[in-house]
Amino acid sequence: MVRLRFGILGIVCASFLFTQQQAEAKTITFAADSWCPVNCAPGSERPGYMVEIVEAILEPKGYDVRYVNVNWSRALLYARSGRFDAVLGALKGDAPDFVFPAEPQGETEIGIFVPKSSSWQYTSEASLKDKRIGLIRDYAYGEELERHIRLQAHPTYAGGEHPLKINMLQLKVGRIDMIVEDVGVFRHTARELGLDKEFRLAKTFSREHIYAAFSPGNPASTRLAQMLSTGMRDLRANGSLRLIMKKYALDDWRH
């Protein structure tokens, strides 16, 4: 009877633990506009290196990672309201109220692109005077560059589902003078559109870290951010990060 009692207790405890794990497991929805190779087409073989990073860290812990494409303004709005759990590819200036991991999930290098026929060169912030610059609504480009643009230039902002494509077409037909964008993202999009021969990189600025940033209203955000930080160190140590980046013809930004 004693042995049977412990056996039943063991079954009950195991059942309770399994039920508790099921209750704790949940879907985590990450949202962003397409910013390939950081985050690309959902459900594709190459959904983006940051998508694969968060999947590699969170799915083994029992989370179901869901990634959706919406325009950036809506991604931030819906994450703040709790409809989404996090956004991908954020600079700290994009969403200063969000919960950021201590370890970044990528890196961005901001550049200025002009038509290949343009002779324009950047020598100082005064080079931006009166230039029509294509930007994307609610993107962060670094405080110093944003200040120069605000004081010297005429910024125009694209939104919607394909804002970079809109800016590229505007640049091609001469409605704007230049575009400020992540160097890798611009080149990837230009190749996709068959416009890679139309533009040149005129200036690069300092590199900045980018993150999967969590909703400020979600009590689980701090714990999830900590999981990503620990997971980044593990992925780097066991070589998994190198393999993910290799799929996108990139290197670990720390090397």
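Using the structure shown, decide if Gly93 is modelled with pLDDT under 95 and not aromatic (Phe, Trp, Tyr). Yes; evaluated as a whole, the condition is true for this residue.
Residue count for region 164-191, restricted to those that are surrounded by fewer than 17 Cβ atoms within 10 Å (Cβ to Cβ), under 26 Å from Arg46 (Cβ atoms) and in contact with a Lys or Arg (Cβ under 9 Å, 6 or more places away or on another chain): 1.
Rundown of residues vs (1) of a type in the set (Val, Ile, Thr); (2) open to solvent by 20 Å² or more (accessible area, probe 1.4 Å); (3) touching a residue at least 60 places away in the same chain (Cβ under 8 Å), yes/no style:
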{"position": "Ala41", "(1), (2), (3)": "no, yes, no"}
{"position": "Leu58", "(1), (2), (3)": "no, no, yes"}
{"position": "Gly62", "(1), (2), (3)": "no, yes, no"}
{"position": "Val68", "(1), (2), (3)": "yes, yes, no"}
{"position": "Leu77", "(1), (2), (3)": "no, yes, no"}
{"position": "Gly82", "(1), (2), (3)": "no, yes, yes"}
{"position": "Lys92", "(1), (2), (3)": "no, yes, yes"}
{"position": "Gln105", "(1), (2), (3)": "no, no, yes"}
{"position": "Ser119", "(1), (2), (3)": "no, yes, no"}
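Per the conditions (1) loosely packed, with under 14 Cβ neighbours inside 10 Å; (2) modelled with pLDDT of 95 or more, the sole criterion not satisfied by Lys203 is (1). Each residue in region 152-163 was checked for being under 22 Å from Ser73 (Cα atoms) and either among the aromatic types (Phe, Trp, Tyr) or crowded, with 20+ Cβ neighbours inside 10 Å (or both), and 3 pass.
Among the candidates Pro115, Pro101, the residue that is under 25 Å from Lys172 (Cα atoms) and not β-branched (Val, Ile, Thr) is uniquely Pro115. Yes or no: Asp138 at pLDDT below 95, open to solvent by 10 Å² or more (accessible area, probe 1.4 Å) and in contact with a helix residue (DSSP H, G or I) (Cβ under 6 Å, 6 or more places away or on another chain)? The answer is yes for Asp138.
One residue stands out among those in region 106-126 that are of a type in the set (D, E, K, R) and in a strand (DSSP E or B): the one that is nearest to Ile244 (Cα to Cα), which is Glu107. When Leu241 is tested against (1) closer than 19 Å to Ile110 by Cα; (2) of a type outside the set (Asp, Glu); (3) in contact (Cβ under 8 Å) with a residue 40 or more places away in the chain, just one condition goes unmet, and that condition is (1).
The values are calculated or read from the model by the stated rules, or taken from the named source; none is laboratory data. Here the structure is a predicted model, which means the values were calculated and not measured. Don't worry about glycine lacking a Cβ; one is built from the backbone with ideal geometry, like all the others, and counts go over all protein chains shown. Please note that ligands, DNA and RNA were not included when accessible areas were found on the heavy atoms of the full protein model with its side chains. Shrake-Rupley method; radii C 1.70, N 1.55, O 1.52, S 1.80 Å.
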